[in-house]
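Below is one structure, written out as structure tokens; the observations come after it.
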Amino acid sequence: LWCYYDTKNISTIGVGFNLQRADAAAVMAKYNLTLANVLKDCAQGTPKSCLSSEQADDIRKTHVAGFAIEWKINAVLNVFLNSFTESAIPNPSQVNRGDHVYALRSFGFYQHHGITITGADASRLIPKPPIIEPIMVIEQNQGGLNVVTLEKFTYEDGKLIKAKHFLRRAQYNANLASYAIKRRGSRYIEKALPQEEIVENAIRIYNTEKENWSCYSVFTRNCEHFAFICSTRISMSSEQVLSMYDHLANFGNLALGTGLPFVFSTCRKLVWNVVRIGEKLAPSSIANLTITSLDELIKACLLGNGITAAAGFGFEFLMLTTRLIIYFCIKNNKKKCIKYLAAGWAIKPEQYAQCLVQAATGNAASFGMSLLGLAAGIVMPFPGSTVIFSIIFGFIGYVLGRVGSS
């Protein structure tokens, strides 16, 4: 690894070590490098004064501010998130030419995708990158197509998060069962092209179609679009974008699922109070409608939670089925089909099956957890505890159900 200029045009080496620091000369001397020669590499784009990957890691852990804490947090997050995408590449030597790779970003909120090439492939790019290593990555970001090192590709240099993430390999030709339960963007049911063709596609797009990719678009020109087109020559909607669409639908469903029990309970209590007042003023047989026992209260809550979970699943089922019908109506019109899939107005059958599994799991988990919340609320000494705990536990159950099946 040699010197480069970061996004603020500051001379940097490794991952995030600022060469303008007062102790930069002393740190470089520890690794038998002189600061003047390192900065000369930066200015001329030459790889004469370099660090090994191990030395760069050592500098990052001991000299990059805040890295130790960020590294521990990131390691824990990566272990957790890896349980949903068992595609991590623990050793860079296991990276193959033409791999569709990705790294998680923003605590796993989204993924950054790219295609791996060799140093010889990078020499064919126009313009040739100033830094060439044995394995490089062609990526698409907000500045257009770019070529970066593996180290830079896996490092998140955001305003709030600065951490290195695991490199992961996207899986192709996945069976429907694994596709349905795994995180979107980590695997595809389509077959990948031979690796030689994938690399040639990436180089061709970089050299001849770079201008078309200069304008970043979440819906039609993001990093996953680029990697998928290189790997399959198929233009389709981004799995991550569809996932965000699903999350918005899920949020609406969640708002319905948590708000309905509260509204239902509040209205019911209001009616009960009116009935009780009316009974005191004019006693009648209407008193039989007043719920007076704990047993009846539990039965009523169970019914309300069950209806809410069923309504939530029905809402998602209706939306997904509508999108599936749209897909079958337009699938013979290739141009229109791509547009509708990218916008999220249509959905493929395999994605439809995946979303149904997630919807059923999320709502079932929400119902089960709401019952636990109901039990916890019964023993609490304050009014409305059964409803409050039922909503909170139901929310937790829904989130866990969705994450566990995504």
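The values are calculated or read from the model by the stated rules, or taken from the named source; none is laboratory data. What you see is a predicted model; the values in this text were computed from it and never measured. All Cβ positions, even for glycine, are placed from backbone atoms using ideal geometry, and neighbour counts span all protein chains on display. The protein model used for the area step is the full one, side chains on, heavy atoms only, and it has no ligands, DNA or RNA in it. Shrake-Rupley method; radii C 1.70, N 1.55, O 1.52, S 1.80 Å.
All told, Val95 meets the bar of being closer than 28 Å to Gly108 by Cβ, crowded, with 16+ Cβ neighbours inside 10 Å and modelled with pLDDT of 80 or more.
Results for (1) assigned to a helix (DSSP H, G or I); (2) modelled with pLDDT under 80; (3) among the hydrophobic types (A, V, I, L, M, F, W, C); (4) touching a Gly at 6+ places or on another chain (Cβ under 8 Å), shown as yes or no for each residue.
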position: Arg184; (1), (2), (3), (4): no, yes, no, no
position: Lys191; (1), (2), (3), (4): no, no, no, no
position: Ile198; (1), (2), (3), (4): yes, no, yes, yes
position: Asn201; (1), (2), (3), (4): yes, no, no, no
position: Ile205; (1), (2), (3), (4): yes, no, yes, no
position: Asn212; (1), (2), (3), (4): yes, no, no, no
position: His225; (1), (2), (3), (4): yes, no, no, no
position: Ile229; (1), (2), (3), (4): yes, no, yes, no
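If I ask for residues that are touching a residue at least 40 places away in the same chain (Cβ under 8 Å) and within 21 Å of Arg221 (Cα to Cα), which ones from region 326-355 would you list? Passing the criteria: Ile338, Leu341, Ala342, Ala343, Gly344, Ile347, Gln351.
Report whether or not Ala365 is of a type in the set (Gly, Ala, Ser), open to solvent by 40 Å² or more (accessible area, probe 1.4 Å) and at pLDDT 75 or above. So Ala365 does not fit the description; no. Scanning region 143-182 for residues that are of a type in the set (A, V, I, L, M), more than 26 Å from Asn91 (Cβ to Cβ) and at pLDDT 80 or above gives a single hit, Leu145. Counting the residues of region 93-133 that are closer than 16 Å to Ala227 by Cβ and within 12 Å of the chain's Cα centre (by Cα) gives 8. If you check Gln111 against the conditions, is it open to solvent by 60 Å² or more (accessible area, probe 1.4 Å) and of a type in the set (S, T, N, Q)? Against the criterion (open to solvent by 60 Å² or more (accessible area, probe 1.4 Å) and of a type in the set (S, T, N, Q)), Gln111 does not qualify.
So that you can scan it fast, the table gives a plain yes or no per residue for (1) over 22 Å from Tyr155 (Cβ atoms); (2) crowded, with 18+ Cβ neighbours inside 10 Å:
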| position | (1), (2) |
| --- | --- |
| Arg21 | no, no |
| Ala24 | no, yes |
| Thr34 | yes, no |
| Leu39 | no, yes |
| Ala43 | yes, no |
| Ser49 | no, yes |
| Asp58 | no, no |
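Screening the candidates Gly312, Gly306 for the property of being open to solvent by less than 60 Å² (accessible area, probe 1.4 Å) and either within 30 Å of Ser235 (Cα to Cα) or at pLDDT below 75 (or both) yields one hit, Gly306.
The residue pairs whose first member lies in region 14-35 and is outside any helix (DSSP H, G or I), whose second member is at pLDDT 85 or above and aromatic (Phe, Trp, Tyr), and whose beta carbons are closer than 8 Å, counting only pairs six or more residues apart or on different chains, are Val15/Tyr155; Gly16/Tyr155.
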